[in-house]
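**Q** Pasting a structure here, questions to come.
The values are calculated or read from the model by the stated rules, or taken from the named source; none is laboratory data. Being a predicted model, the structure only gives us computed values, none of them experimental. Positions of Cβ are backbone-derived with ideal geometry, glycine not excepted, and every protein chain shown enters the neighbour counts. Ligands, DNA and RNA are excluded from the accessible area calculation, which covers all protein heavy atoms including side chains. Shrake-Rupley method; radii C 1.70, N 1.55, O 1.52, S 1.80 Å.
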Amino acid sequence: MKLFLILGVINGFLAVALGAFGAHGLEGKLTEKALRTWEKAVTYQMFHTGALLATGLLGLKFQSSSLASAGWLFFIGIILFSGSLYVYSTSGIKTFAMITPIGGFAFLIGWVLLGYAVVKFL
């Protein structure tokens, strides 16, 4: 579970850095729609950074395969959802936008598993 805390810290740093880059480095270089897409990627990355941290903290107290699975799904969701939106917003290649829902599904299942673990252990 320490790994999820480390991944949370790394993703928190990256979300802040990518948010700043989008606001200052990409302004005027991307369309408004592409900037909104970039911002959505940053927002979801940061939300799920919090989920990774919560999963890691809960995992320090409770050993649970559902917690571990939730953590991995949050991490995979960040890569697929936010990552695909970062690439799509800067490249315009629609194939990347088709990956985004897979990441969103990973987020949803991660939340279900986290909820299951919370109900089971708390």
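**Q** Across the range 1-59, which residue is farthest from the chain's Cα centre (by Cα) among those that are open to solvent by 20 Å² or more (accessible area, probe 1.4 Å) and of a type in the set (Ser, Thr, Tyr)?
**A** Only one residue tops the list, namely Thr31.
**Q** Follow-up question, since we're still on this one. Being assigned to a helix (DSSP H, G or I) and over 15 Å from Leu3 (Cα atoms) narrows it down to one of Leu73, Leu113, so name that one. Can you show your working first?
**A** Numbers: Leu73 fails: over 15 Å from Leu3 (Cα atoms).
Residue meeting the stated conditions: Leu113.
**Q** Restrict the check to the range 59-72 and report whether at least one residue is at positive phi and of a type outside the set (A, V, I, L, M, F, W, C).
**A** So the first thing to find is which residues in the range 59-72 are at positive phi, and the list is none.
No; the residues of the range 59-72 include none that is at positive phi and of a type outside the set (A, V, I, L, M, F, W, C).
**Q** List the residue pairs whose Cβ atoms are under 7 Å apart, where the first residue sits in the range 1-20 and is closer than 12 Å to Phe75 by Cα and outside any helix (DSSP H, G or I), the second is open to solvent by 80 Å² or more (accessible area, probe 1.4 Å) and at pLDDT below 95, and the two are 6 or more positions apart or on different chains.
**A** Pairs that qualify, where the first residue is closer than 12 Å to Phe75 by Cα and outside any helix (DSSP H, G or I) and the partner is open to solvent by 80 Å² or more (accessible area, probe 1.4 Å) and at pLDDT below 95: there are none.
**Q** Right, another one. Would you point out which residue out of Ala34, Ala54 is part of a helix (DSSP H, G or I) and touching a residue at least 60 places away in the same chain (Cβ under 8 Å)? It would help to see each step written out before you state the result.
**A** Numbers: Ala34 fails: touching a residue at least 60 places away in the same chain (Cβ under 8 Å).
The conditions single out Ala54.
**Q** What tally of residues in the range 89-104 results from selecting those that are open to solvent by 50 Å² or more (accessible area, probe 1.4 Å) and in contact (Cβ under 8 Å) with a residue 24 or more places away in the chain?
**A** 1
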